[in-house]
Amino acid sequence: MYRLPAPLLLTLVFATSAANFASGQDALSAGPAQQQPLPIRTFFVTRSLAHEQLIPYLETARPQIVQVGNYGAMFHGYADNPKSTKTPMMLPVAGERAALDFQRKLNAQVHKLGLTVVGHFRLTKVMADWTEQSGFVDYYNNRWPADLLGPKPHPQLVEMLQRDSAGVPIQLSRYDNAQLALCLSSPHARTMLKQMLKCAVDHGVDGVITTYNYRQSCVCSYCQAAFKQWLAQRLTPQQLREQLKIDQLDEHRFDAIPVSIPGYPDPAQATDLDWLAARWGAEHFKRMYDDIFLDYGRSLRSDLLVAQWNHLSHVSLKEERMFLPQSAWGRGEDYFWYSGGASFVGKNLNLSEGKAGDAWLSCLYVRELSGGKPFVMGKYDGIRLAASMAEGYAMSGLGMGRYMRFESPVGFEVLTRYTKFMHQHRDLYDGAEAVADVALVLPRQSVWNRRPEALDAFRDLGQALVERQVLLDVVADENLTAERLQNYPAVILPTAVSLSDSQLAALRAYSASGGLVLQYDEAATLDESGTARRDSSIDGAVPVDAAPVSDADAHVAADPIVTRLRQHGSSVIESPWTVRATAYQQPGRIVLHLVNYDRDESPDRQLKGPELERPKPVKNVAVNFRLPEGKSVTSVTIFSPDDSQTNTLTFKQRDGRVSFTVPAITVYVAVVISFKEE
């Protein structure tokens, strides 16, 4: 039943420049007769706009996407403040018009290099104090530049702000600054953001990546109307009375609409209203977002690049799109940025304690939910530039996402070398389909149905498996179909409590036809709506001994899982725990990617930043790889940005498997296993 290649193309294709993008269409919607453009592969981001090394770096490395510059509501209202040249804005010069002029000239320089510019568009948050009527409040009331942005969308700013039940703007603070939040439910706020988007386009950006994609439990009249409309479409009058104690929805006024983005309800205290609001909030935000950036933005220019900068940490419940259905997750957007924050540095990076600081599982998560679109996994790591670039490339991503230390001579060299490697060897990545020995089910429906521990089990077990070099793919429960499952020899259910009847039927059919189902704790006891199911059994499923209580238990469970997978014929990669592995298939070959996170962690006060990466090569990694049926290997070749030599390895083939030894992995190698039909 296991066959290759997989019919689901996980590496969709996207344009190398803004001119290649179709207006608002996902690549999935393109007809088979259309010629697909090449995907985005190289990327660079910086806030150091005025740095003298910026243009020389771009001239040398030539990344396709240059993410640079500031636009949006927070920018316009804060740019005139002298502090705007410092964190968090870090403008090259203070002053709204001066900064826009600087960025327009910089964008023109980037365009002369043949590169594409994506600007940071600060979305909902603004620097402002409502009590003092300062910051953005003063900007809107007294300094609004009609010649730059057009007329005010509404006489009263309050009509555009997120408000509490008393109608008072919700006051926030960060970076030692008072802040307010715009409400995307307000048509006037969306009009203002459209005016600011037009300003960004007029100043030379080819696209925008939005930041501060947040909601603060607003209960303004616009949110009230939108939430009630959503409820009316999903609940009957009887359900409204029983679940929410609402007799007349049209006349009802909510004292609270308890959803924050990001956020997750407290299962011990949350009511039906909390869970319903969480679903509404995610879906509503996406609709309002699309109105601004996809519908209006692409009326300005049909090829406008659109992306969001969100937060995942290490597969956290507070991911901004946690409650958004797969069908809408990133729909129409071109690439994705996910910040890992401090989850992969500091105390979470200590090799002596078994912490490699890798985002491998997080990358698998985004690769699955995005449908294979380009993405960036941001790490607050200014040291391990090579490891971060390698991780991104191996996962079909865009490489390093934060602290790209181009101003350091060592950082300049590493970033340039890895970017050029992608340019020279992009044939290793384009048109590649992910292949794996096992699918790890991502239990999103369980998380929606008040079982957050399901995500803990997924994260802990998944991390333990990638540390054992298991060739792993993540499959969201929404994507559990017979067609998808047939691509994997084995499936792991890590506390997948909530599954639909069709998903359960697909698993049962898969198991009955010989697929290995490994069941880690409770599975399918609820349907997709959270209703208890009488019979959740999967005949032939193999229970995993250890119960999912902690990260340590997941590691205990991982060893028997690996043993069982190997008995079932999975590929075997014998290496230290610091190595991660993934594989893809292209016509006539498999490409195995190996990334080594080991490095010298000893302190050295004479070194700083990228100078401290100091990778420790892993030697003699033995590989025994399961081949697609009926293939005869013709060569095994290694490519690496850490070694200019292309090395051909000796190999042995027997019983549908090929074995060879990788002599050394400094940080990253791509092993090409070429074959022909037997």
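Among residues belonging to the stretch 382-398 that are of a type outside the set (A, V, I, L, M, F, W, C) and crowded, with 24+ Cβ neighbours inside 10 Å, point out the one that is farthest from the chain's Cα centre (by Cα).
This residue is Arg384.
Could you check Thr634 against (1) under 25 Å from Gly569 (Cβ atoms); (2) at pLDDT below 95 and say which number it fails?
(2)
Kindly evaluate Ala270 against the criterion of being surrounded by fewer than 21 Cβ atoms within 10 Å (Cβ to Cβ), out of contact with any Ser or Thr (no Cβ under 8 Å at 6 or more places or on another chain) and outside any helix (DSSP H, G or I).
Yes, satisfied.
What do you reckon, is Asn596 more than 24 Å from Phe406 (Cα to Cα) and either surrounded by fewer than 15 Cβ atoms within 10 Å (Cβ to Cβ) or not aliphatic (A, V, I, L, M) (or both)?
No: the conditions fail for Asn596.
Name every residue in the stretch 206-255 that is touching a residue at least 40 places away in the same chain (Cβ under 8 Å), of a type in the set (D, E, K, R) and surrounded by 13 or more Cβ atoms within 10 Å (Cβ to Cβ), in order of residue number.
Selection gives Asp206, Arg215.
Does Ala505 fit the bill of being of a type in the set (A, V, I, L, M, F, W, C), part of a loop (DSSP other than H, G, I, E, B) and out of contact with any Ser or Thr (no Cβ under 6 Å at 6 or more places or on another chain)?
no
Name the residues in the stretch 162-201 that are more than 27 Å from the chain's Cα centre (by Cα), free of Cβ contacts under 8 Å to residues at least 40 places away in the same chain and outside any helix (DSSP H, G or I), would you?
Ala166, Val168, Pro169, Asp176, Ser186
I'd like to check something: does the stretch 120-142 contain any residue that is exposed (fewer than 14 other Cβ atoms within 10 Å of the Cβ), under 25 Å from Gly297 (Cβ atoms) and not aliphatic (A, V, I, L, M)?
Taking every residue of the stretch 120-142 in turn, none turns out to be exposed (fewer than 14 other Cβ atoms within 10 Å of the Cβ), under 25 Å from Gly297 (Cβ atoms) and not aliphatic (A, V, I, L, M).
Can you name every residue in the stretch 663-678 that is β-branched (Val, Ile, Thr) and in a strand (DSSP E or B)?
Result: Ile665, Val669, Val671, Val672, Ile673.
Is it fair to say Leu10 is more than 22 Å from Gly114 (Cα to Cα), modelled with pLDDT under 90 and not in a helix (DSSP H, G or I)?
yes
Please count how many residues of the stretch 485-535 are among the polar types (S, T, N, Q), free of Cβ contacts under 8 Å to residues at least 40 places away in the same chain and in contact with a strand residue (DSSP E or B) (Cβ under 8 Å, 6 or more places away or on another chain).
3
Among the residues of the stretch 279-309, which ones are surrounded by fewer than 23 Cβ atoms within 10 Å (Cβ to Cβ) and touching an Asp or Glu at 6+ places or on another chain (Cβ under 7 Å)?
Within the stretch 279-309, Gln308 is the sole residue that qualifies.
When you scan the stretch 554-570, do you find a residue that is touching a Lys or Arg at 6+ places or on another chain (Cβ under 8 Å), over 21 Å from Ile638 (Cβ atoms) and in a loop (DSSP other than H, G, I, E, B), even just one?
Scanning the stretch 554-570 turns up at least one residue that is touching a Lys or Arg at 6+ places or on another chain (Cβ under 8 Å), over 21 Å from Ile638 (Cβ atoms) and in a loop (DSSP other than H, G, I, E, B).
Count, please, the residues in the stretch 636-662 that happen to be assigned to a strand (DSSP E or B), more than 29 Å from the chain's Cα centre (by Cα) and surrounded by 13 or more Cβ atoms within 10 Å (Cβ to Cβ).
Total meeting the criteria: 12.
Could you please give the count of residues in the stretch 393-420 that are among the acidic types (Asp, Glu) and outside any helix (DSSP H, G or I)?
The qualifying residues number 1.
For (1) surrounded by fewer than 23 Cβ atoms within 10 Å (Cβ to Cβ); (2) under 24 Å from Ala583 (Cα atoms); (3) not charged (D, E, K, R), each residue gets a yes or a no:
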{"position": "Phe458", "(1), (2), (3)": "no, yes, yes"}
{"position": "Val466", "(1), (2), (3)": "no, yes, yes"}
{"position": "Asn487", "(1), (2), (3)": "yes, yes, yes"}
{"position": "Ala490", "(1), (2), (3)": "no, yes, yes"}
{"position": "Leu499", "(1), (2), (3)": "no, no, yes"}
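Kindly check whether there is at least one residue in the stretch 84-95 that is touching a residue at least 24 places away in the same chain (Cβ under 8 Å) and outside any loop (DSSP other than H, G, I, E, B).
Scanning the stretch 84-95 turns up no residue that is touching a residue at least 24 places away in the same chain (Cβ under 8 Å) and outside any loop (DSSP other than H, G, I, E, B).
The values are calculated or read from the model by the stated rules, or taken from the named source; none is laboratory data. Keep in mind that what you see is a predicted model, and the values were worked out from it rather than measured. Every residue, glycine as well, gets a Cβ built from its backbone with ideal geometry; the counts of neighbours run over all protein chains shown.
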